[in-house]
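We did not get these values from a lab; they are worked out from the coordinates using the rules stated. Since the model is a prediction, treat every value here as computed from it, not as a measurement. So basically every Cβ, Gly included, is an ideal-geometry build from the backbone, and we count neighbours across all protein chains shown.
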Ligand SMILES: [Zn+2]
């Protein structure tokens, strides 16, 4: 499962940060999940619980912020918000769109002790 691997890397980042900053417990993990990241939120939550077991983020609260996708519309020559990868431009209805944002998954915030 793709989400499992993502949680493994989140755990790795947390452990590196803990080593560097000297915290021992993570209270909250906030993630930014882009609309086109291909991440299923439910699977991500499940993976998080499993992967964080026995780690310093075992009892951490997981907050998921889903962000909208962005595309560059050629006819409009500007960036627009789109909900789906192959959506038409909300302004001109064109499909000549390049996805420019929303493929990310990143850690927005870590609340630690
Ligand atoms: Zn357009």
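Key figures for this structure:
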item	result
Ranked by how many other beta carbons lie within 10 Å on average, peptides 28-38, 83-93 from highest	28-38, 83-93
Inter-label distance for residue 15 and residue 32, nm, one decimal - labels placed 7 Å from Cα along Cα-to-Cβ	2.6
Stokes-Einstein diffusion coefficient of the chain, Kirkwood radius over Cα pairs, 37 °C, 0.692 mPa s, in µm²/s	213
Rel. contact order, % - alpha carbon contacts under 8 angstrom, at least six apart, the chain	36
With Cα atoms, 0 to 90° folded angle of helix 41-52 axis to the chain main axis	20
In degrees, nearest ten, helix 2-21 long axis to first principal axis of the chain (Cα)	60
